[in-house]
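Asker: Here it is, the structure in full.
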Amino acid sequence: PYTTLFRSHDSLTGLPNRAMFTQLLLAEMESSKRNANQLFAVLFLDLDRFKNINDSLGHTHGDLLLVAFAERLEHTLRPIDTLARFGGDEFAILLSGIEDTTDAVRVAERIHEELSHPFYLDKNSAFASASIGIALSSSGYDRPEDILRDADTAMYRAKENGKARYEMFDTGMHAKAVSRLQLEHDLRQAIEQKEFCVYY
């Protein structure tokens, strides 16, 4: 039993880990295919400036913050929702049986409200914020990794736009990410093949 728990749950927070979350997400997707009216959303979260906490207060306090952060996230969710820790300061939430986009937005806003209060870590207090990306099942996904990728992409857009905010995924974000990856590949290839011509 212990090894099963260890494989499916995060050892620090006790939350489901990435593997378990992916299994639950796959089950939710299969259920959604059988019922067209059943919507769900995936939220991908990353603590902003978490490295500053580790660097200034130490990794022990960083771990305390992650545990306290997980507890606050759980307070914003319903019993049917799933919170998981993917590693480091990355978390994911599966919102089951939502009505529409506004349900996911309300959860993101509740999370930001929870984070407006300080965390008390041992004898230290610290403030933390999170960037949140949201992807909805209504976009039509066949694989768990695709909706996770898009929620992650939206989260990085939230970071780029100033942190401590949420962003809803749209297809333009994916197109931009693919374009950026292609440009990086082309530039590396151009350097290797000496295709640059420097004039100054």
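The values are calculated or read from the model by the stated rules, or taken from the named source; none is laboratory data. What you are looking at is a predicted structure, and each value in this text was computed from that prediction instead of being measured. Neighbour counts run over all protein chains shown; Cβ positions are idealised from the backbone, glycine included. Remember, those area values only see protein heavy atoms, side chains included, never the ligands or the DNA or RNA. Shrake-Rupley method; radii C 1.70, N 1.55, O 1.52, S 1.80 Å.
Asker: Only one of A104, A128 is under 21 Å from L15 (Cβ atoms), assigned to a loop (DSSP other than H, G, I, E, B) and touching a residue at least 60 places away in the same chain (Cβ under 8 Å). Can you tell me which? It would help to see each step written out before you state the result.
Answerer: Numbers: A104 fails: assigned to a loop (DSSP other than H, G, I, E, B).
None of the other options fit; the residue is A128.
Asker: Mind checking whether some residue in the range 54-61 is of a type in the set (G, A, S), closer than 26 Å to S125 by Cβ, at pLDDT 95 or above and in a helix (DSSP H, G or I)? Break it down stepwise before answering.
Answerer: Step one: list which residues in the range 54-61 are of a type in the set (G, A, S), which gives 56, 58.
Subset that is closer than 26 Å to S125 by Cβ: 56, 58.
Filter again for at pLDDT 95 or above, leaving none.
Checked against the condition, which is being of a type in the set (G, A, S), closer than 26 Å to S125 by Cβ, at pLDDT 95 or above and in a helix (DSSP H, G or I), the range 54-61 yields no hits at all.
Asker: Being buried (at least 19 other Cβ atoms within 10 Å of the Cβ) and assigned to a helix (DSSP H, G or I) is the filter here; which residues of the range 71-93 pass it?
Answerer: Hit for the range 71-93 is L73, nothing else.
Asker: With open to solvent by 30 Å² or more (accessible area, probe 1.4 Å) and not in a loop (DSSP other than H, G, I, E, B) as the only criterion, which of A27, A41 stands out? Talk me through it step by step, then tell me what you get.
Answerer: Details: A41 fails: open to solvent by 30 Å² or more (accessible area, probe 1.4 Å).
Going through A27, A41 in turn, the sole match is A27.
Asker: Looking only at residues in the range 122-151 that are surrounded by fewer than 20 Cβ atoms within 10 Å (Cβ to Cβ) and closer than 19 Å to I111 by Cα, which one is modelled with the highest pLDDT?
Answerer: S129
Asker: What is the one condition in (1) closer than 16 Å to D46 by Cβ; (2) part of a helix (DSSP H, G or I); (3) touching a His at 6+ places or on another chain (Cβ under 9 Å) that R110 does not satisfy?
Answerer: All conditions are met except number (1).
Asker: When you scan the range 131-143, how many residues do you find that are outside any loop (DSSP other than H, G, I, E, B) and out of contact with any Ser or Thr (no Cβ under 9 Å at 6 or more places or on another chain)? Working first, answer last.
Answerer: Step one: of the range 131-143, the residues outside any loop (DSSP other than H, G, I, E, B) are 131-139.
Filter once more, keeping what is out of contact with any Ser or Thr (no Cβ under 9 Å at 6 or more places or on another chain): 131-132.
So the answer is 2.
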